1. Name the residue farthest towards the positive end of the dipole of the protein assembly as shown from the options B:TYR316, B:VAL95, A:PRO184, assuming +1 on Cβ of Lys and Arg, -1 on Cβ of Asp and Glu, about the Cα centre.
2. Stokes-Einstein diffusion coefficient for the range A:269-340 at 4 °C in a medium of 1.567 mPa s, Rh from the Kirkwood formula over Cα pairs: what value in µm²/s?
3. Which listed residue (A:LEU134, B:LEU132, B:SER244) has the Cα farthest towards the positive end of the charge dipole for the protein assembly as shown, taking +1 on Lys and Arg C-beta and -1 on Asp and Glu C-beta about the Cα centre?
4. Rounded to the nearest 20 Debye, what is the dipole magnitude of the range A:246-368 about its Cα centre when Lys and Arg each give +1 and Asp and Glu each give -1 at the C-beta?
5. Over the range B:2-113, one equal point on each Cα, no solvent: what is log10 I(q)/I(0) by the Debye formula at q = 0.09, 0.18, 0.21 Å⁻¹?
6. So who's got an amide H within less than 5 Å of the one on A:LEU134, skipping anything under 5 residues away but keeping other chains? H placed 1.01 Å off N, in plane.
7. For the range B:241-354, what is the Kirkwood hydrodynamic radius in Å, using each pair of distinct C-alpha atoms?
8. Using θ = phi - 60° and the Karplus form 6.51 cos²θ - 1.76 cosθ + 1.60, what ³J(HN,Hα) does each residue of the range A:156-170 get, whole Hz, x for Gly and Pro?
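The values are calculated or read from the model by the stated rules, or taken from the named source; none is laboratory data. All of these numbers come straight from a predicted model, not from anything done at the bench. With ideal geometry, Cβ positions are generated from the backbone for all residues, glycine too; neighbour counts draw on all protein chains shown. Accessible surface areas use protein heavy atoms only, side chains included; no ligands, DNA or RNA. Shrake-Rupley method; radii C 1.70, N 1.55, O 1.52, S 1.80 Å.
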Amino acid sequence: MSGAATILHADLDAFYASVEQLLDPSLQGKAMVVGEGVVLAATYEAREFGIRSAMPTRTARRLCPHVLVVPGQFGRYTEHSETVMEILQRFTPDIEQISIDEAFLDVAGSVHLFGPPDEIARQIRVAVRGEAGLPVSVGVASTKFLAKVASQVAKPDGLEVVPEGGELDFLSPLPIRMIWGVGPVTAGKLHDMGVSTVGELAATEPGVLKTRLGRAQANHLHALANNLDPRPVTTRAPAKSVGSQQALGRGITDPEDVTAVVLSLSERIGGRLRRKDRSGSTVSVRVRFWAPGQDSPENVSRSRTLDAPVGTTDAINRVARELVDDAIGGREEPATLIGIAVSHLADSAAVQMELGFDDAEVDDAGDVARAGSSRSDAASAVDRQLDAIRDRFGKKAIGRAGLMGREDRDAPDEFRELAERD
Amino acid sequence: MRIRAERDDLADALGRAFRAVGSRSAIPVLQGLLCETNGNKLHVTGTDLEITVQTSIEVEVMDGGRAVIPGRLLTDAVRRMPAGNITIDAGGNEVIISGRGPEFRLRALETSDFPSISSDEGDGVAVDGVQLADSIAQVVIAASNDAARPILTAVLFETSDEGLRLVSTDAYRLAVRDLFGIGLEGSGLVPARGLRELARTIGAAQVTTAVLDREVVFSSERGILRLRLIEGKFPSYASLLPDSFPAQVILDREEVLDALNRVFLVAEDHIPVRLEVSENGVDVTVSRQDVGGETEHLDGDYTGEEPITVAFNPRYLADGVGAIPTDKIRLRLVDGVKPAVIDDPEDDSYLYLLMPVRV
């Protein structure tokens, strides 16, 4: 879909590395990577040596023997990310954060306040640099696809505007690797066919592409190369679920560790739900087992749908814990990942109240998981206080006793996903 | 066992018994239907141990006997045979279903593995089958589907001098139906899931009902439905009914249901519908972030002092209004947070109590 160029893609440059440089100015201008096992972020100086994200740190050291390696400080990255997202929100409420360091914005409704989209992009870059101390690249275009390509072209620390009507001129000379979804394998196949730019891809007969790429991918890439992005621009598509997962290294077996991980994930999910004023009626969990000597991991999933949506940390925690226990069953191999998600979301302002049964037999300990019960009311009051304190004094200002001393394991989801690739 | 019967009769008897067969039973033999002959009858039994359906039809019995045959396959195979007579020939491990050309060969299940089903029908009381089915339909709507709270998935069968009373609640609403003058003995918690099958499996003009120690048994000319009772104590619901209602409004049932059908266009899931009840009638409002809203006015006959604003889950409200089979319904209210009661102002045999949504 093509229209006025009001979509912005804001992408923080080498985000983790930039935060490290901000916290320790002596790192500025140096070849440096974050991540002691696998490279989570690399400064542009390090990238000149061929160092890339997701590469084993060992390889990075081989490519650049004097590279500085720092461990991640994930709590700090989350804080800086939140600062940046708050800055972005000043320019439009139509914002879709897609990861810790990038977001789409639709500024169509903001032009009368802040000027044309390219001017807004300039203001965003100044504000993020000035207030958060971080470099950000921004792409401006008529679709999300193009805005993302534009921000990649703009990097590092730049701005790229694709004017309305100029989309194909902009795309044509770009290397095919700039298209979202073209990885080294696909790029290799295309190179074999003599296709190395987006323009050449656009000019290639789809029938010819199909012979090498398969029909679905051929059609998809051919359409994108011609700037036919069939996805509507929905910058604020309401999330269908809210979830979080935690990789657990070599794995855990101690029920106390399981308790802490489930509570920590439940707290994270509950907080995110409540910030959006949402609650959900289905709780799903995924537990991954990977015993030493086993070729591949085994994932076990469980889910339960409640009569009414819940949003309290306690409710999510209780249902998730039951499901995780069920998934673990009597197994002895370690759990290497636990993921929890809440779906079937609804606006949570309304609470279906319950009839107050006195009978102990019916009103079991499970009632915190039922919106409308007295225990759910109490849990909700606790959450409101915790959320208010954190909003005012920061995330670490207060926490649940069950997680005391465990906060350092709190890494952002993006890190977990990256780490899982290893 | 070798029998012959007309396709449609056989398909009907198999299909009704198959309704008791759970789709995901872990015990293989429970995927089967027990077919056994008795005189010139074929009895078909399906069970998931909680719900048991036995149907029977007259057939031509060539060799008497019994066999357990995979239920889904048997039922579907018979349905898809050409019209006319069908022969089922079960000997050893193989079952042959044939008739006018096509012939299925199915592997039989182990007959001795099939659970033994009690034949005790107790001292049942004859009940008008239509009234029973309608009454069950009025209460099962309020039963819970949450397996974590088994007692709330039941319908309480409670007997008193006045007759039989059916009660169910999922903690958000409560339905009470009296069948006056039915002198049933005993009481118990009957799984609502099984009661929902009554009309479809053995529904008839007259249904004999008996509450035994561990199960309730319904029998009719079409078969027998046995439901294992749920153990536990039903919540004491009588105290939940408010003593008096300061406000009530009498509304046209069809108008309310039509209005709620418009509300559902906006209010998926758990979006509440707001009712402002006053002398002017009822103003209905629903709104949903990111979608929009709908408003309308219903005329009603109001009695009360102050206007009351109350919000409900529209699905629960529609369930209650829909359960009352008369032109006019009465909505009685205390305030915006106490239980409301929906009933027929002319008839005290049914009421539906509903907790509001706090907005």
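1. The residue sitting most towards the positive pole is A:PRO184.
2. On the way: Rh = 13.1 Å.
The Stokes-Einstein estimate is 99 µm²/s.
3. A:LEU134
4. On the way: 14 positive and 22 negative charges, 196 e Å.
Magnitude of the dipole: close to 940 debye.
5. For the range B:2-113, the Cα-only Debye profile gives -0.19, -0.81, -1.13.
6. A:ARG129
7. Details: mean 1/r = 0.0711 Å⁻¹.
Result for the range B:241-354, one decimal place: 14.1 Å.
8. x, 6, x, 9, 9, 10, 9, x, 4, x, x, 4, 5, 4, 6
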